[in-house]
Amino acid sequence: MSVVIGVLKETATGERRVGLDPSAVAKLMAQGHEVVIESGAGTQAGFPDQHTLWAEATWVNDAKSVAERSDIVVCVQRPPVETIQAMKADGLLVGQLNPYRDAKTLSQSTSQPISMISMELVPRITRAQAMDVLSSQATVAGYKAVILAAEISPRLFPMLTTAAGTLRPAKAVVIGAGVAGLQAIATCRRLGAQVEAYDIRKAAREQVESLGAQMIDTGVDAQTEGGYARELTEEEKKQQAQTLASHLAKADVVIATAAIPGRPAPRIITKAMVEGMASGSVIVDMAAETGGNCELTKQDQLTDHQGVLIHGPINLPSMAPLHASEMYAKNISNLMGLMLKADQLVVDLDDEVIQGCLIMHSGQWVHPQITPDDVSEGK
């Protein structure tokens with residue numbers, strides 16, 4: 001008997017991605033599994049229901065039907081509570097479930113002993129790189145942030161020599177050299193900008209310089225185990241601010257990408273720094289969803305502060321839904337490969353990858369670092 005895998009149509013405002021793309025669905029069906037898809041699930045990502053690769057899947061008209069029939073339900077963002085409640089006993093929900101914010105809702109939304117995997121929590125180890133949703137989606141986000149900046153900016157990025165004169169290249173500063181920041185650096189460079197980058201992890205220097213950017217050295221190193229960055233002390237924040245202010249004052253474009261998992265975004269760009277920037281400069285704050293790296297960022301709005309344009313876009317990966325969906329689907333497929341054993345679903349509690357991202361098992365909350373009791377909803 002085959003495993004039934006369900007694909008939901010996303011309901012979150014502005015969400016255009018889909019959990020599994022046609023290629024991933026075709027591979028699952030070739031392995032002997034049944035795939036049930038909610039009609040219209042891939043339309044906004046550029047994958048119509050009639051797409052050749054998944055046209056032979058089972059199509060249904062509503063999310064409840066997907067949930068009731070599936071052993072594994074795949075989503076991008078957390079589905080409505082009523083959809084989760086419609087899942088059958090021993091079913092598995094897989095997606096970006098945002099447990100840092102929605103742990104209480106998730107723990108209270110089950111009517112059956114189901115399990116849940118939150119893709120944001122896939123451990124960042126070598127073995128799990130092909131399942132790392134944060135990295136794949138940050139790649140898209142870093143690219144789109146620069147494209148948005150180029151669209152907003154009154155300047156062109158490259159140096160141009162024309163009959164009407166020579167235009168100097170734009171100067172860009174990228175704050176944060178994680179996956180999103182590195183992609184932002186690469187995209188700025190492709191567009192012809194001169195790029196400086198800052199990260200509180202000194203280990204990022206080699207990657208920054210390999211992309212042709214210069215590293216801004218503030219003398220602060222806050223790298224922690226696992227490659228993440230810890231919060232800075234007050235003294236470190238002052239030291240960081242003094243150095244960054246002088247570089248931002250000369251920047252035409254700033255891409256801010258700094259984030260701490262499960263925490264509000266670190267405030268790095270102050271009002272005073274913005275007011276020290278030239279009129280016509282642009283800041284794209286990729287951390288807007290978690291409070292912003294810039295003190296003046298307004299979520300999903302473009303703000304003009306004394307001539308400096310500050311944009312706080314949300315859900316950047318959804319702005320390039322086709323490629324974002326393709327990468328997300330590969331991440332999901334690779335993770336499901338750990339659990340699809342012949343013709344059955346096996347959640348191996350001893351597997352370190354599963355341990356890292358399994359938040360609920362058979363109706364019981366099991367994640368040791370995130371619990372419903374200590375999570376403040378909506379924060």
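Being at pLDDT below 95 and over 15 Å from ALA258 (Cα atoms) holds for only one residue in SER107, SER210, and it is SER107.
Within the set ALA130, ALA138, the sole residue that is assigned to a helix (DSSP H, G or I) and surrounded by 18 or more Cβ atoms within 10 Å (Cβ to Cβ) turns out to be ALA138.
Could you identify the single residue in THR162, THR166 that is in contact with a strand residue (DSSP E or B) (Cβ under 9 Å, 6 or more places away or on another chain) and hydroxyl-bearing (Ser, Thr, Tyr)?
The match here is THR166.
Of the strands (runs of 3 or more DSSP E) that lie entirely inside region 267-373, those containing 3 or more residues that are under 22 Å from SER118 (Cβ atoms) and modelled with pLDDT of 95 or more span 358-361.
Specify which of the listed residues (GLY40, GLY32, GLY46) is at positive phi, modelled with pLDDT under 95, among the small types (Gly, Ala, Ser) and surrounded by fewer than 19 Cβ atoms within 10 Å (Cβ to Cβ).
The match here is GLY32.
Among all positions in region 238-254, there is no residue which is assigned by TED's automatic domain parsing to the domain that holds GLY181 and closer than 30 Å to CYS357 by Cβ. Return yes when ALA197 is assigned to a strand (DSSP E or B), at pLDDT 95 or above, touching a strand residue (DSSP E or B) at 6+ places or on another chain (Cβ under 6 Å) and not basic (Lys, Arg) and no when it is not. Spelling it out, ALA197 is indeed assigned to a strand (DSSP E or B), at pLDDT 95 or above, touching a strand residue (DSSP E or B) at 6+ places or on another chain (Cβ under 6 Å) and not basic (Lys, Arg).
What's the number of the condition ARG124 fails, among (1) in contact (Cβ under 8 Å) with a residue 24 or more places away in the chain; (2) in a helix (DSSP H, G or I); (3) out of contact with any Leu (no Cβ under 6 Å at 6 or more places or on another chain)? Against the list (1) in contact (Cβ under 8 Å) with a residue 24 or more places away in the chain; (2) in a helix (DSSP H, G or I); (3) out of contact with any Leu (no Cβ under 6 Å at 6 or more places or on another chain), ARG124 comes up short only on (2).
So which of MET360, MET327 ends up being within 30 Å of GLY46 (Cα to Cα) and either touching a strand residue (DSSP E or B) at 6+ places or on another chain (Cβ under 8 Å) or not β-branched (Val, Ile, Thr) (or both)?
Going through MET360, MET327 in turn, just one is within 30 Å of GLY46 (Cα to Cα) and either touching a strand residue (DSSP E or B) at 6+ places or on another chain (Cβ under 8 Å) or not β-branched (Val, Ile, Thr) (or both): MET327.
Note on region 167-194: residues that are touching a residue at least 60 places away in the same chain (Cβ under 8 Å) and either of a type in the set (Phe, Trp, Tyr) or outside any loop (DSSP other than H, G, I, E, B) (or both) amount to 9. Of all residues in region 43-67, those satisfying the criterion of being within 13 Å of SER23 (Cβ to Cβ) and touching a helix residue (DSSP H, G or I) at 6+ places or on another chain (Cβ under 7 Å) are ALA45, GLY46, PHE47, HIS51, LEU53, TRP54, ALA57.
In region 312-358, the qualifying residues are those that are surrounded by fewer than 16 Cβ atoms within 10 Å (Cβ to Cβ), among the acidic types (Asp, Glu) and touching a residue at least 60 places away in the same chain (Cβ under 8 Å), and the one that is farthest from VAL254 (Cα to Cα) is ASP343. Residues of region 94-114 that are under 23 Å from GLU15 (Cα atoms), touching a residue at least 60 places away in the same chain (Cβ under 8 Å) and in contact with a helix residue (DSSP H, G or I) (Cβ under 9 Å, 6 or more places away or on another chain): VAL94, GLY95, LEU97, PRO99, TYR100, ALA103, LYS104, THR105, LEU106.
The values are calculated or read from the model by the stated rules, or taken from the named source; none is laboratory data. The model shown is predicted, which means the values in this text are computed figures rather than measured ones. Counting neighbours? That spans all protein chains shown, and the Cβs are built from the backbone with ideal geometry, glycine included.
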